[in-house]
Amino acid sequence: MNANKKILIFDNYDSFTYNLYNLIKSVRPNYTYQILRNNNKQIFIYDFDVLIISPGPMTPDKTGLLKDLFIKKIIPDKIPTLGICLGLQFLGYFYNTLVTKSKQAKHGIAVNINHFNKNIFDKIPNNFKAARYNSLEIDINNINKTELEILATEQNQNSVMALKHKTLPFVGLQFHPESFLTQYGDIIINNFFKIYVGN
Amino acid sequence: MWEINTEIKQINTKIYLENILTAVDKYNGVFLFTTDDFESGNHKNIIGLNPIININNSAISYSNKSLSANPLQIIDDIINLNKDDKLNFPLLIGYLSYDYKNEVEEKGLYKNLKSDIFPDLYFSIYEYYIIIPNNSENIKIVQLHFPFSHKKIDLNPLFKTKIKINIQNKVTSYISSSLSKNEFIKNVNQIKNYIKKGDIYQANLTREITGKTEYSPIEIAYKLYHSNSIEFGVFAKIENKYLISTSPERFFKISNNKITTSPIKGTIFKSKNDDVNKKNINELLNSKKELAELSMIVDLLRNDINKICTTNSVNVIKFPEIKELINVYHLYSDIEGQLSTKKFKDIVKALFPGGSISGCPKIRACQIIEELEKQGRGPYTGSYGYINFNQDMDFNILIRTLFYHNKNISFNVGGGITLLSNAVDEYEETIFKAKNIYSAINMEQIYDETYCLKD
């Protein structure tokens, strides 16, 4: 059985947060979960082992207390973090990549994901289908100069679909693993926990 | 709080629509209906007559008394005291308005826009419920007995010979639209800007049309009843005002602890030519715009029911399916889950307002709707339905709905706006969708409102 870990789901006033919660809970049913909205000061008091950043409206600088939480807790304590959509864009913004208008904004459309068969994509077939809900994206040309590296892109379109920090336990997904249009969402989440949380 | 007793009679008789509408008007009743072109089996018509206990935004009233109360809490208290698994008929019938969104979210997120004509929430416990399965004469009459005295009514006229409703040629004059054509188009483009900036993926924009009518509410209800296939219709009289809905959309249904929600997105108009229809259905099933919009709403509703369902129990059962009505085809989906709570308060807080008539992400979309529509919606895009003694429920989405108050009528028209929307097309679609309402009330010709209705 999995040891009990405490998961904080950082909710950016989103409408997919409970899909994400349900997906993660189905993969790690014995963990303890807390969902807090992005301006709730409880996030500084609640003691947690893993941070999940929800998708959400607007831009990555409009994520409430997230930047503060990163500086005060996530980086010093090296807390494993998985950011979805706006969560990935926050990682990009925090590590000084450019967040730009997407080459092609897509909402509620499944695209093919190209990846390097490693990290969270271990044992997942290439070109699997995943749902996009984004108008903004990380500028792909700028990434290699930062502390981030690309894990996946959209097929036929040079857009970042997943990334990780080079040394710290931070992963971001631009696509939505919790969407009903996405394949292998549960395996990706399971891989994240195996690699970064240890079980 | 009261324990309510029930007395059930089963009879075999024909009840005429004319008599139902007349009784609803006379006894402050409600009629939840599905038109006859839907097969029997899954559908039933429910009449509630003589409201004895009424609950609104802030108070519960009965027998000339009124006590202030939190409505969702008091509804749960009434359900808890009276729940009975064996009784599959209504305890309460009523609605939540779209503007009730202000009460289910944290304070400060919304501007608190309201419509001042209808209450934000209204539920009643009626003395009589009459349940008529579709296309059947096997009728159940339930009388509720309350532990206090109240006004009684005579049900007999309901079953007598057909009352005649003479539909004469009357007119409804146009007064206004809350957004002009230019404002509507400007707002569609503003929503597209918000989408490009990353604020939202989709928002539902509507406008309110008002008029003054010579028709009586019964006449309008009678004409609207015959104007279309209506699966989730309502005719209700509340505090001398009338709500008449021709809704094709179910919001959610709860039966045996299972919740089903059935969002609709995408509409095409039927042709008389079957080959054209086949081609159009095929186009709808493969339309990138419509499928993307429906997918968004499916993910949004999965999210909302995940709040009140057990882990891993929420499933998309149908995606996409075609629903055929007399004059249109719709694209829809069914999503199911196993409930982890039966509290009405939890259900309302998880689901309201409906995803298909607000937008995604919902809170930001509702804020943008407030900014662009500039007024409350009232019961429009809220939800009407019943709560049974056995805690089953069925609620619609109050679209294609007309409101009547002292000869004044109003109805909203609108549509979902995405990045793929064309502003002029969206405006025209709002007129198409209201075609049955315009013709039922014989609204005078206004160029902007009717130019695309000509065949």
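Taking every residue in the range B:367-396 that is over 29 Å from B:Ser177 (Cβ atoms) and pairing it with any residue that is part of a helix (DSSP H, G or I), at least 6 positions away or on another chain, the pairs with Cβ-Cβ distances below 7 Å are B:Ile387/B:Ile79; B:Ile387/B:Phe344; B:Phe389/B:Asn82; B:Gln391/B:Ile79. Residue count for the range A:13-30 under the criterion of being farther than 12 Å from A:Ile189 by Cα and surrounded by fewer than 19 Cβ atoms within 10 Å (Cβ to Cβ): the result is 2. Is it true that some residue in the range A:131-138 is of a type in the set (Lys, Arg), buried (at least 23 other Cβ atoms within 10 Å of the Cβ), in contact (Cβ under 8 Å) with a residue 24 or more places away in the chain and farther than 23 Å from A:Val197 by Cβ? So far as the range A:131-138 goes, yes, one or more of its residues are of a type in the set (Lys, Arg), buried (at least 23 other Cβ atoms within 10 Å of the Cβ), in contact (Cβ under 8 Å) with a residue 24 or more places away in the chain and farther than 23 Å from A:Val197 by Cβ.
Name the residue that is farthest from the other protein chains (Cβ to nearest Cβ), counting only residues in the range B:326-351 that are farther than 20 Å from B:Asn256 by Cα and surrounded by fewer than 18 Cβ atoms within 10 Å (Cβ to Cβ). Ranking the candidates gives B:Ile326 first.
Selection within the range B:216-239: residues that are of a type in the set (S, T, N, Q) and in contact (Cβ under 8 Å) with a residue 60 or more places away in the chain. The member of this set that is surrounded by the most Cβ atoms within 10 Å (Cβ to Cβ) is B:Asn228.
What about A:Gln42, is it in contact with a Leu (Cβ under 9 Å, 6 or more places away or on another chain), surrounded by fewer than 18 Cβ atoms within 10 Å (Cβ to Cβ), in a helix (DSSP H, G or I) and at pLDDT 95 or above? So A:Gln42 passes the test. For the range B:216-234, filtered to residues that are within 28 Å of B:Glu370 (Cα to Cα) and not β-branched (Val, Ile, Thr), the residue that is farthest from the other protein chains (Cβ to nearest Cβ) is B:Gly233. Within the range A:124-142, the set of residues being within 14 Å of another protein chain (Cβ to nearest Cβ) and not hydrophobic (A, V, I, L, M, F, W, C) comprises A:Lys129, A:Arg132, A:Tyr133, A:Asn134, A:Ser135, A:Glu137. Return the pair list, or none, for Cβ contacts closer than 7 Å from residues in the range B:247-258 that are within 16 Å of B:Gly337 (Cα to Cα) to residues that are among the hydroxyl-bearing types (Ser, Thr, Tyr) and part of a strand (DSSP E or B), at least 6 apart or on different chains. Within 7 Å, the pairs are B:Phe251/B:Thr261; B:Phe251/B:Ser383; B:Phe252/B:Thr260; B:Phe252/B:Thr261; B:Lys253/B:Thr260. If the condition is being of a type in the set (Phe, Trp, Tyr) and within 20 Å of the chain's Cα centre (by Cα), then the range B:362-410 contributes B:Tyr380, B:Tyr384, B:Tyr386, B:Phe395, B:Phe403, B:Tyr404.
Looking at the range B:352-381, which of its residues are in contact with a Pro (Cβ under 7 Å, 6 or more places away or on another chain) and either closer than 17 Å to B:Arg250 by Cβ or basic (Lys, Arg) (or both)? Of everything in the range B:352-381, those that are in contact with a Pro (Cβ under 7 Å, 6 or more places away or on another chain) and either closer than 17 Å to B:Arg250 by Cβ or basic (Lys, Arg) (or both) turn out to be B:Gly355, B:Ser356, B:Arg364, B:Thr381.
Pairs are defined by a Cβ separation below 8 Å, a sequence spacing of at least 6 or placement on different chains, a first member in the range B:278-293 that is more than 14 Å from every other protein chain (Cβ to nearest Cβ) and surrounded by 17 or more Cβ atoms within 10 Å (Cβ to Cβ), and a second member that is assigned to a helix (DSSP H, G or I) and not β-branched (Val, Ile, Thr); the pairs so defined are B:Leu284/B:Glu290. Residues that are surrounded by fewer than 23 Cβ atoms within 10 Å (Cβ to Cβ) and within 14 Å of chain A (Cβ to nearest Cβ) were ranked within the range B:399-448; the one that is nearest to B:Val328 (Cα to Cα) is B:Ser421.
Quick check on the range B:370-382. Is at least one of its residues in contact with a Lys or Arg (Cβ under 8 Å, 6 or more places away or on another chain) and of a type in the set (A, V, I, L, M, F, W, C)? Scanning the range B:370-382 turns up no residue that is in contact with a Lys or Arg (Cβ under 8 Å, 6 or more places away or on another chain) and of a type in the set (A, V, I, L, M, F, W, C). Quick check: is even one residue across the range A:80-93 at positive phi, within 13 Å of another protein chain (Cβ to nearest Cβ), touching a strand residue (DSSP E or B) at 6+ places or on another chain (Cβ under 9 Å) and touching a residue at least 60 places away in the same chain (Cβ under 8 Å)? Scanning the range A:80-93 turns up at least one residue that is at positive phi, within 13 Å of another protein chain (Cβ to nearest Cβ), touching a strand residue (DSSP E or B) at 6+ places or on another chain (Cβ under 9 Å) and touching a residue at least 60 places away in the same chain (Cβ under 8 Å).
Yes/no per residue for (1) in contact with a Gly (Cβ under 6 Å, 6 or more places away or on another chain); (2) under 30 Å from B:Ile363 (Cα atoms); (3) of a type in the set (D, E, K, R):
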| residue | (1), (2), (3) |
| --- | --- |
| B:Ile60 | no, yes, no |
| B:Lys65 | no, no, yes |
| B:Ile93 | yes, yes, no |
| B:Tyr100 | no, yes, no |
| B:Glu103 | no, yes, yes |
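Might you let me know whether the range B:180-190 holds any residue that is on the phi < 0 side of the Ramachandran plot, surrounded by fewer than 17 Cβ atoms within 10 Å (Cβ to Cβ), within 14 Å of another protein chain (Cβ to nearest Cβ) and part of a helix (DSSP H, G or I)? No, every residue in the range B:180-190 fails to be on the phi < 0 side of the Ramachandran plot, surrounded by fewer than 17 Cβ atoms within 10 Å (Cβ to Cβ), within 14 Å of another protein chain (Cβ to nearest Cβ) and part of a helix (DSSP H, G or I). Filter the range B:196-215 down to the residues that are more than 22 Å from B:Tyr380 (Cβ to Cβ), surrounded by fewer than 23 Cβ atoms within 10 Å (Cβ to Cβ) and either within 14 Å of another protein chain (Cβ to nearest Cβ) or in contact with a Ser or Thr (Cβ under 6 Å, 6 or more places away or on another chain) (or both) and list them by number. Of everything in the range B:196-215, those that are more than 22 Å from B:Tyr380 (Cβ to Cβ), surrounded by fewer than 23 Cβ atoms within 10 Å (Cβ to Cβ) and either within 14 Å of another protein chain (Cβ to nearest Cβ) or in contact with a Ser or Thr (Cβ under 6 Å, 6 or more places away or on another chain) (or both) turn out to be B:Lys196, B:Lys197, B:Asp199.
Filtering the range A:1-37 to residues that are within 12 Å of another protein chain (Cβ to nearest Cβ) and in a loop (DSSP other than H, G, I, E, B) leaves A:Asn12, A:Tyr13, A:Asp14, A:Ser15, A:Phe16, A:Arg28, A:Pro29, A:Asn30, A:Tyr31. Out of the residues in the range A:45-83 that are in a helix (DSSP H, G or I) and among the charged types (D, E, K, R), which is farthest from the chain's Cα centre (by Cα)? Going through the qualifying residues, I end up with A:Lys72.
Out of all the residues in the range A:61-79, which are farther than 15 Å from A:Pro169 by Cα and either among the charged types (D, E, K, R) or in contact (Cβ under 8 Å) with a residue 40 or more places away in the chain (or both)? Within the range A:61-79, A:Asp61, A:Lys62, A:Thr63, A:Gly64, A:Leu66, A:Lys67, A:Asp68, A:Leu69, A:Lys72 meet the criteria.
Only residues that are assigned to a strand (DSSP E or B) and out of contact with any helix residue (DSSP H, G or I) (no Cβ under 8 Å at 6 or more places or on another chain) were counted in the range B:220-254, giving 9.
Checking the structure you have, find out if any residue of the range A:105-116 is more than 10 Å from chain B (Cβ to nearest Cβ), without any contact (Cβ under 8 Å) to a residue 40 or more places away in the chain and out of contact with any Gly (no Cβ under 7 Å at 6 or more places or on another chain). Yes: one or more hits.
Among residues of the range A:143-182 being within 14 Å of chain B (Cβ to nearest Cβ) and not in a strand (DSSP E or B), the one that is farthest from A:Asn19 (Cα to Cα) is A:Gln174.
The values are calculated or read from the model by the stated rules, or taken from the named source; none is laboratory data. Remember, it's a predicted structure, so these values are computed and weren't measured experimentally. With ideal geometry, Cβ positions are generated from the backbone for all residues, glycine too; neighbour counts draw on all protein chains shown.
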